[in-house]
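First up is the structure itself, then whatever we jot down about it.
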Amino acid sequence: EVLNKMGVNLNVMMDNSDSKVAEIIIQGLTMGTIEMEKRINEYKDEVDKEIIKLAKKVLKFQEEAIEDMKDYL
């Protein structure tokens with residue numbers, strides 16, 4: 001986690017253009033989307049349906065945010 005933050009900080013220090021920041025955000029959102037998909041699939045039969053519903057809302061938000069960030073690339 002700390003190394004990841006350092007990497008993000010270094011990347012932004014080297015290039016803080018809208019395009020580069022959008023790229024970094026997209027990368028983070030993509031990792032979050034993959035992780036959320038895994039967790040939904042892993043726990044879909046084990047947890048309350050409302051939790052899965054909320055997780056799917058978060059997933060949709062992440063996917064929409066990725067699409068929004070593409071405008072800045």
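Label-to-label distance for Ile40 and Lys56 is 0.7 nm, based on points extended 7 Å past Cα in the beta-carbon direction. Excluding ligands, DNA and RNA, the accessible surface per residue across the chain is 80 Å² with a 1.4 Å probe.
When Rg and the Kirkwood radius Rh are both evaluated on Cα atoms of the chain, their ratio Rg/Rh stands at 1.10. Here's the picture: a label point sits 7 Å out from the Cα of Asp68 along the beta-carbon direction, and within the stretch 16-41 the residues with their amide nitrogen under 20 Å of it are 17-37.
The values are calculated or read from the model by the stated rules, or taken from the named source; none is laboratory data. Here the structure is a predicted model, which means the values were calculated and not measured. Please note: Cβ atoms are built from the backbone with ideal geometry, for glycine as well, and neighbour counts cover all protein chains shown. Accessible surface is based on the protein model in full, side chains and every heavy atom, while ligands, DNA and RNA are left aside. Shrake-Rupley method; radii C 1.70, N 1.55, O 1.52, S 1.80 Å.
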